Amino acid sequence: MAVRRFLRHKLAIAGVVVLLLVVLATVCAPLLTGHDPLKVDLSQVRQPPSGEHLLGTDGSGRDVFARLLYAGRVSLLVGVFSALLAVVIGSVLGAVAGILGGWVDALIMRAADVFLSFPVLVVMIVIAGILGPSITTMVIAIGLFTWPRAGRVVRGVTLSLREREYVQAAQAFGARTGWLVVHHVLPAVLGSVVVVATIAVADGILIEASLSFLGLGVQPPQPSWGNMLTDAQRLTVISQMPWLWIPPGVAVAVTVLSVNFVGDGLRDALDPRESS
Amino acid sequence: MGAYLVRRVLVSVLVLVLVSIGIFWLFRLAPGDPVEMMLPPQNRGPGSEAFIAAKRAELGLDEPVWVQYFTWLGNAVTGDLGYSLDTGRSVSDLLGERVGPTVYLMGLSLLLALVIAVPLGLLAAVRKGRFADYAASVVSLGAVCTPPFFLGILGIYVFSLKLGLLPSAGMSTPGQYSVGDSLSHLLMPLVILAFSQSGQFTRYVRSSVIAELHADYVRTAEAKGVSATGVVTRHVLRNALIPVITIVALSLPNVLAGAVVIETVFAWPGMGQLAIASFQGRDYPVIIGFALFFSIMVLLSNLIADLLYTLVDPRVSLR
Amino acid sequence: MSGLRWITTAVLAAGLVVSGCAGPQPAPGAAGEGGSVSIVLYQKPKLFSPLEPAHGPDQQVMSLIYQSLMTSNPDLELVPQLAEKVDVNDDATEFTFHLRKGLKWSDGEPFTSADVLFTHQALANPKSGSAASGNYQSVVGAKAVADGTADTVSGLTAPDDDTFVIRTDGPNYGVLAQVGVAMILPEHVLGDKPAGQLAKDPFFSAPTVGLGPFQFVKYEVDQYVELKKNPNFPKPASVDKVFLKPVTADVATAQLGTGEMDIAPVAPSDRETLDSFGTLNFQTSKEGGFVRVGLNLTQQRFQDARVRQGLLTGIDRKSIIDSALPEVGVARNSSFDPSVSGDGINDYAYDPAKAKQLLTEGGWDFGQTVKLAWIPGSNPDRDAAAVAIQSQLKEIGVNVELQQVDAGWTTEALAGPSFDMYMFGGGNYALDSWNVYTIVSCGTFFPNGGNNVRFCDPELDAKIKEANSTADEAQREKLYGEAAKIDNEQVPYLWLYSPGGLWAVSDKVQGFTPLSPTGGGFWQPENWRLAS
C-alpha cells in the first residue's frame, strides 16, 4: 500500500533516480574519468573546460570533473550519516519527551539547551585538536550537536498532538505509549522530520565546508564538495572561473533537492490520512 | 505561570553554569596556549620565555584550572567578565561595542526571512504538487544549500562592482554619517542573510501547513462548506505556526553563525569576527563571554518559543 | 552608533527595501592638495604600541603616526629617519645617533633626546610589559634591569638634547636594526607613568600625539582607523585624511573597482580582475622574508644534509612561483638575502632523478610518511605550494601527508618539537643579515629564538658572529657572503620563495612607493597626493 503510494509520487521517483545516479557516479568514478583527482599539473592551472578536461582544472591544475566525482563520496557520507545520526537521536528523545512529559521532558529539553548552547565550531576545534581531524569524528560531532533541532521539532508536534481529542480518547481507552507512537506520533511528525533531515543533509555538507575552511574538515588533497566550494570563494573565481564553483554547487543543490523530494514522497506514502 | 517562569529561569542559570564550566575546561584541552601565541615564532628572541612566563603570571594563567574558574565565576557574578588576553580590554566592553550591530543585523534579517518564508511556504503548501510548489521548493532549497559566504561575494560582485548600486562593505562610509548611507550599507548583508534563512523557514512552513491541511477539523470545515481561504487563514496557519516557532527559536544559533560569515564578508563591525579571532587566538575570557551571550540567546529564544506555544495553541499548558 | 540612530535606521530599513536605495559615495576626489586616501588593512588592528609584540596592521598604522631612529627603505636598507646620522665605533660597541633638529610632536611640543631615551628605557625594561626587551640583552646594564637590581639601563644615554647613545657589552652591529627601528613615544605625555602601568595606558588605544606625517583621529571599532595630517610635520603631507580599513581580500578587490579603496596589497591571482577595472596602477615591492619548509632536525631522518638537499631538489619551485606568484615571487637558495648570498651558490634546480639519488645517499627510507603542516586559508600561494609539494615529492617516492593546522597548534608543535615538516613565512633578513642568526644558530632554539627547526652548525654561528662584530661595511659583506655559502650547502630550511609584494594603487593617487607588505609600514606617506 505504502509502496504503491510512494510510486505514484513522480518527483519522489525522480529524486530516487537522481540520488542513485549521483551515488553510482561517485562510486564508479574511475570508470567515468581517466584523470587522477590528486594529480597536480602546474602547467595547466585554472584552464577552462575543454575536451581533455571536461570541467576545466583548478588552481593546482587538477581535473575538476575527477575531483567532483571523488568528492561526492566524502560529502554524501558526511551529509547523510550526520543527518541520520542527528534525526534518529533527536526524534527518539523528542518523542519520549513529548509523550512522557514531566521531569523526563524537562531533563531532555535542558540537555538539548546545553547542546544547542555550545557553538559547534568551538567543539569541532577542540575535538579536531585532540583527536586530529577525521571524517568519523566529524560525522559524530555534527550529529551529536545538531540533534536538538529534530528533538525540539518532534517534541513540539508530539506535545500538541497529546492534547488532541483523538489521542486523548485513545489514551483513555488504555492505548500504550508504543502504539501511540506508531499510530499517531510517527505519521504526524514525519513531515517535519523529513524537512529537518533534508536540511540536516545540506547542513552536514556545508558544515564540512566551513570546517575545511578552518583546516578541520576533510584534509587536502582529498576533495570534498565542501572544500571545492570553499576554495572557490574568491571574487576572481566567482566572476571569471565559473567552472570552479558551478559543478560542486550544482552537485550539492541536486543532492539536497533529491533528498527532499524523496522525503516528501515518503511522508505522503506513510501518512495514512493522505488520500490524493 | 509565574512559578513556571521562576523555575525556568533558575534552570536556565544552571544551564549557563554548566555551559561555562564546559567551555572553560573544553577549550583548555585544545592545543595552543594564548600567551605563547602572543609571540609568533618569527618574533622569538632572547628573553621570549621570560616575557611569556611573566605574562602568564600577570594573567593568572599559571593557576590550576579550577582556581581560574572560580575566580572567573566570582567576578562574573558581579558582572565582571574579565579582560581579553589579546588586547587587555574588558570583555564586557569588547562584546558591548559589537552586540548592537550584530543584533541589529540578525533581528532585521530574521524578520525579513519570515516575511519571505510564511507566504511562500503557505503558497507552496496550498498548491502542493503544482508548479508554484516546485518553484518554491527550488528557490528555498537553493537558499538552504548555498553558503552565505558565496552569496555575499556574488552580491558584492554584481551590486557593487558591476552595477554600482550599493557600497560593498562596512556599516557606513568613513567620516560621513547619514541615514541613507547607513541604509545602503545595510541592504546587501540584510537581504542575503534573510534569504539564506528564509530557505529552511519556507520548508518548515510548507510542511506543517500540509500536515495541518490533513487534520480532521479542516475536512469537517470543508465538508460544511466553509471557504478554503477562510479555513486556511483562520485555523490552519495558526496551528501550523507552532512547529515553525520552534524552528525560528532553534535557528538563532544558525542565524548567528550566518551573521558571523556575513559580517566577515561585509566587514560588518559585529561580534562574529571577534568570536572567530578569539577562538583562533585561544582568548579564553572572550570565548567564554561570547559563549555565554550565545547561550543566553538560545535559552531566551527557547523560553519565548515555549511561551508562544500557549498563546497560539491554548490546549498546550505549561507545567 | 547611538541607540537612537539604530532605531531610526531600523525603522527606515523597511521602506528602503521597497523604494530602492542610495548608491555608494566614493571619497571626494579633490585636485592637488587635500582629499583623502583609503588603504586596506589585511587584519584588524589591536593596539598602537611599540611595547606589544609586532602585529602587521598595528605596524602599518603606527608607521603613519610615529617615527623611529632608523627605518627600512623600499630597497630594504636601513636608513636614518629621526636620526640625521649614526656613528658606529670600529668594534661595533657604541652607537651614537645625532638627532634631527627642530622637530615637533603633533601637539607642538619639541622633540628631544629625552623622548628617545624614555622610549628605549621603557622597551628595554621587562617590567613595562615590553615584548621587545630581549632585543636589548646585549646593551650595557640591561641585565641589571631585568634582574631588578637597577631601574634604568646604563648603556642607554642622552648626553645632550640632540644625541642618543647605545653601548653594548660586546660587538653587536645588529643592534642597530633590532633596536633602532622602534617607534619613539612622547615623553611629555607618558613620562610620568610608572613602568608597570605603561603598557596598559589608554594612550595606546588612541595615540593622538606622534611624530609621523599623520595624526591619529580615531579608531571606529572594526571599521576604520581615521588619521589627519600632522601640521607640525617638517614637510606637511599633501593629503588631508587617511582611512585604513580592515576588509577581506575580496572586498578590497571590489572596493578598488568602485573607488572606495585607493591602495591595497593584492594577490597576483587577482591581477586579471583588477586589470579589468582600468583605473589601477600596479607596483611591486621587495620582500625581506621568505616562505620555507622547516624540517624537524631532532628527527634522525632529516639530519643528513643530503636528505635536505634532495628534498629541496625534488620541489619544482619555479613552477610553483610561475603558477601562484607570477611576476613577484623569487626563488630562494639561502637564508641570507640574495644581495648578500650572490649568484655563486648552488641553485638546487628541480631535478627528480638527482633528488632521488641524494635522498638515497642520505639514507632516506622511502617507505615512511612525513606530515607537512601549515596554516591554511590566509595565503593562497602557500595553500597552492603545499598541494604542489605533496604531489611533487610523491613523484620521487617521498610520501607526504598534508596537515592543516592553526596558530594554536603551531606554538605547541614547535615547542615540542613534535612536527615533521612545517611550512611558514615571514622574517626580514634583508635589513641586516644579523637577523638570520636567530633562525639558524645553536643558541637560539625555540622558544628563546626563531630557530624552530633546531639547526646547529658552530662554524656557521662563528662566521655570522664575526661579521656582526665589525662596523666595516665591506668586511661585513664579505663575511656574510661566506656564511651564506655554508648556509646554502647545509640547507637548514627548504627555502621556497620570497613572495614579493604586489600593490594596486588608484590612478588618483600619486607619489606612493610600496614597501614590503610584511615589513608592515609605509614609505614616506607625506609624499602621497591626489591627481588633479
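The values are calculated or read from the model by the stated rules, or taken from the named source; none is laboratory data. Computed from a prediction, not measured in an experiment: that's the story for all the values here. Because the Cβ atoms are built from the backbone with ideal geometry, glycine has one as well, and the counts that use them run over all protein chains shown.
Against the test of being within 30 Å of B:ALA277 (Cα to Cα) and in contact with a helix residue (DSSP H, G or I) (Cβ under 6 Å, 6 or more places away or on another chain), the options A:ALA188, A:ALA141 yield a single qualifying residue, A:ALA141. If I ask for residues that are among the aliphatic types (A, V, I, L, M) and out of contact with any strand residue (DSSP E or B) (no Cβ under 7 Å at 6 or more places or on another chain), which ones from the stretch C:240-272 would you list? C:ALA249, C:VAL251, C:ALA254, C:ALA267 - these are the residues of the stretch C:240-272 that are among the aliphatic types (A, V, I, L, M) and out of contact with any strand residue (DSSP E or B) (no Cβ under 7 Å at 6 or more places or on another chain).
Yes or no: B:SER20 crowded, with 16+ Cβ neighbours inside 10 Å and more than 9 Å from every other protein chain (Cβ to nearest Cβ)?
Here the answer is yes, as B:SER20 does meet what is asked.
State whether one or more residues within the stretch B:220-237 are modelled with pLDDT of 75 or more, more than 8 Å from every other protein chain (Cβ to nearest Cβ) and surrounded by 23 or more Cβ atoms within 10 Å (Cβ to Cβ). There is at least one residue in the stretch B:220-237 that is modelled with pLDDT of 75 or more, more than 8 Å from every other protein chain (Cβ to nearest Cβ) and surrounded by 23 or more Cβ atoms within 10 Å (Cβ to Cβ).
Scanning the stretch C:426-449 for residues that are part of a loop (DSSP other than H, G, I, E, B) and either farther than 30 Å from A:MET124 by Cβ or more than 8 Å from every other protein chain (Cβ to nearest Cβ) (or both) turns up C:GLY427, C:ASN428, C:TYR429, C:ALA430, C:LEU431, C:ASP432, C:SER441, C:CYS442, C:GLY443, C:THR444, C:ASN448, C:GLY449.
Does A:VAL16 fit the bill of being surrounded by 16 or more Cβ atoms within 10 Å (Cβ to Cβ) and of a type in the set (Val, Ile, Thr)? Give the steps one after another, and end with the answer.
Numbers: surrounded by 16 or more Cβ atoms within 10 Å (Cβ to Cβ): yes; of a type in the set (Val, Ile, Thr): yes.
So A:VAL16 fits the description; yes.
Do you know which of the residues in the stretch C:357-371 that are under 23 Å from C:TYR497 (Cβ atoms) and surrounded by fewer than 22 Cβ atoms within 10 Å (Cβ to Cβ) is farthest from the other protein chains (Cβ to nearest Cβ)? Among residues in the stretch C:357-371 that are under 23 Å from C:TYR497 (Cβ atoms) and surrounded by fewer than 22 Cβ atoms within 10 Å (Cβ to Cβ), the one farthest from the other protein chains (Cβ to nearest Cβ) is C:VAL370. Counting only helices (runs of 4 or more DSSP H) wholly contained in the stretch B:42-146, the ones carrying 1 or more residues that are of a type in the set (Val, Ile, Thr) and either facing chain C (nearest Cβ under 10 Å) or out of contact with any helix residue (DSSP H, G or I) (no Cβ under 9 Å at 6 or more places or on another chain) (or both) occupy B:48-58, B:65-77, B:91-126. The number of residues in the stretch C:372-395 that are more than 9 Å from chain A (Cβ to nearest Cβ), under 15 Å from C:ARG317 (Cα atoms) and either under 28 Å from the mean Cα position of the chain (by Cα) or at pLDDT 95 or above (or both) comes to 5. Residue count for the stretch C:147-159 under the criterion of being within 14 Å of chain B (Cβ to nearest Cβ) and in contact with a Phe, Trp or Tyr (Cβ under 9 Å, 6 or more places away or on another chain): the result is 1. Can A:LEU76 be described as more than 30 Å from C:ILE320 (Cα to Cα) and at pLDDT 90 or above? Answer is yes for this residue.
Given the structure, is B:LEU14 at pLDDT 80 or above, in a helix (DSSP H, G or I), loosely packed, with under 14 Cβ neighbours inside 10 Å and not assigned by the TED database to the domain that holds B:PHE293? Considered against the rule, which asks whether it is at pLDDT 80 or above, in a helix (DSSP H, G or I), loosely packed, with under 14 Cβ neighbours inside 10 Å and not assigned by the TED database to the domain that holds B:PHE293, B:LEU14 comes out as yes.
I'd like the full set of residues that are surrounded by 24 or more Cβ atoms within 10 Å (Cβ to Cβ) and more than 30 Å from A:SER134 (Cα to Cα), limited to the stretch A:164-209. Listed by number, the residues that qualify are A:VAL189, A:GLY191, A:SER192. Return the residue satisfying two criteria in turn: it lies in the stretch C:411-441 and is under 28 Å from C:ARG476 (Cβ atoms) and of a type in the set (S, T, N, Q), and of such residues it is modelled with the lowest pLDDT. The selected residue is C:ASN428.
Would you confirm, using the coordinates I've provided, whether C:GLN404 is in contact (Cβ under 8 Å) with a residue 60 or more places away in the chain, of a type in the set (S, T, N, Q) and outside the structural domain of C:SER269 (by the TED database)?
no
Within the stretch C:222-259, the set of residues being assigned to a loop (DSSP other than H, G, I, E, B), modelled with pLDDT of 90 or more and charged (D, E, K, R) comprises C:LYS235, C:ASP240. For the residues C:GLN283, C:GLN309, the requirement of being farther than 19 Å from C:VAL387 by Cα, at pLDDT 90 or above and out of contact with any helix residue (DSSP H, G or I) (no Cβ under 7 Å at 6 or more places or on another chain) singles out C:GLN283.
Please work out which one of (1) buried (at least 23 other Cβ atoms within 10 Å of the Cβ); (2) in contact with a Phe, Trp or Tyr (Cβ under 7 Å, 6 or more places away or on another chain); (3) closer than 30 Å to C:ILE320 by Cα is the condition C:GLU287 fails and give its number. Unmet for C:GLU287, out of (1) buried (at least 23 other Cβ atoms within 10 Å of the Cβ); (2) in contact with a Phe, Trp or Tyr (Cβ under 7 Å, 6 or more places away or on another chain); (3) closer than 30 Å to C:ILE320 by Cα: (2). The selection criterion, being buried (at least 20 other Cβ atoms within 10 Å of the Cβ), modelled with pLDDT under 95, under 26 Å from C:ASP316 (Cα atoms) and within 24 Å of the chain's Cα centre (by Cα), does not hold for C:ASN488. Taking (1) without any contact (Cβ under 8 Å) to a residue 40 or more places away in the chain; (2) surrounded by 13 or more Cβ atoms within 10 Å (Cβ to Cβ); (3) farther than 19 Å from A:LEU229 by Cβ in turn, A:HIS9 satisfies each apart from (1).
Of note, C:LYS508 does not satisfy the criterion of being modelled with pLDDT of 95 or more and of a type outside the set (S, T, N, Q).
Conditions (1) assigned by the TED database to the domain that holds C:SER138; (2) of a type in the set (A, V, I, L, M, F, W, C); (3) part of a helix (DSSP H, G or I), marked per residue:
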residue	(1), (2), (3)
C:PRO159	yes, no, no
C:PHE164	yes, yes, no
C:ASN172	yes, no, no
C:ALA177	yes, yes, yes
C:GLN197	yes, no, yes
C:THR208	no, no, no
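Only one entry of C:GLY397, C:GLY367, C:GLY377, C:GLY363 meets the criterion of being in a loop (DSSP other than H, G, I, E, B) and under 23 Å from C:PRO499 (Cα atoms), and that entry is C:GLY377. Residue count for the stretch B:264-279 under the criterion of being under 28 Å from B:THR202 (Cα atoms), within 9 Å of another protein chain (Cβ to nearest Cβ) and buried (at least 22 other Cβ atoms within 10 Å of the Cβ): the result is 4. On the basis of being without any contact (Cβ under 8 Å) to a residue 40 or more places away in the chain and either within 14 Å of chain C (Cβ to nearest Cβ) or of a type in the set (S, T, N, Q) (or both), does A:ASP58 make the cut? Criteria not met by A:ASP58. For the stretch B:292-319, filtered to residues that are over 14 Å from A:SER117 (Cα atoms) and of a type in the set (Val, Ile, Thr), the residue that is modelled with the highest pLDDT is B:ILE304.
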